[in-house]
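K.L.:
Please find one structure pasted underneath; my questions will follow.
The values are calculated or read from the model by the stated rules, or taken from the named source; none is laboratory data. A quick note: this is a predicted structure, and the numbers were derived from the prediction, not measured. Here the Cβ is made from the backbone with ideal geometry for all residues, glycine too, and neighbour counts use every protein chain on show.
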């Protein structure tokens, strides 16, 4: 059963690695959140893969959430939490992480 507000929405799960991007699955009626990626991340980590697992809105190709396999870094763009500009502090007062190879640039 679909969660309220998620009916009819289609998303694509992609693995983006050094060998390019490949579609892992198309999912429907799920909440657009990084937790949707966990089963795919788990499998890829067991296989020793690196790169990113990305959840894309199938209609617009917009990135909804990403999970970086190499570092375990999780990002949730579905809540509008874009990366902060360099030099600004985050709410916890920790310094920003410098850009890493494979980071997704969101405009």
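K.L.:
Between a first residue in segment 38-60 that is on the phi > 0 side of the Ramachandran plot and in contact (Cβ under 8 Å) with a residue 12 or more places away in the chain and a second residue that is in a loop (DSSP other than H, G, I, E, B) and surrounded by fewer than 19 Cβ atoms within 10 Å (Cβ to Cβ), which pairs have beta carbons less than 7 Å apart while being 6 or more apart in sequence or on different chains?
P.N.:
From residues that are on the phi > 0 side of the Ramachandran plot and in contact (Cβ under 8 Å) with a residue 12 or more places away in the chain, the pairs are 51/18; 51/102.
K.L.:
Of all residues in segment 26-57 being part of a strand (DSSP E or B) and out of contact with any helix residue (DSSP H, G or I) (no Cβ under 7 Å at 6 or more places or on another chain), which is farthest from residue 70 (Cα to Cα)?
P.N.:
Result: 28.
K.L.:
Now for a different question. Just for segment 41-82: of the residues that are closer than 23 Å to residue 8 by Cβ, surrounded by fewer than 19 Cβ atoms within 10 Å (Cβ to Cβ) and modelled with pLDDT of 55 or more, which one is nearest to the chain's Cα centre (by Cα)?
P.N.:
Among those residues, the one meeting the criterion is 63.
K.L.:
Which numbered condition trips up residue 101, out of (1) assigned to a strand (DSSP E or B); (2) at pLDDT 65 or above?
P.N.:
Single failed check for residue 101: (1).
K.L.:
Looking at segment 83-98, can you tell me whether even one residue there is under 14 Å from the mean Cα position of the chain (by Cα) and either at pLDDT 90 or above or assigned to a strand (DSSP E or B) (or both)?
P.N.:
no
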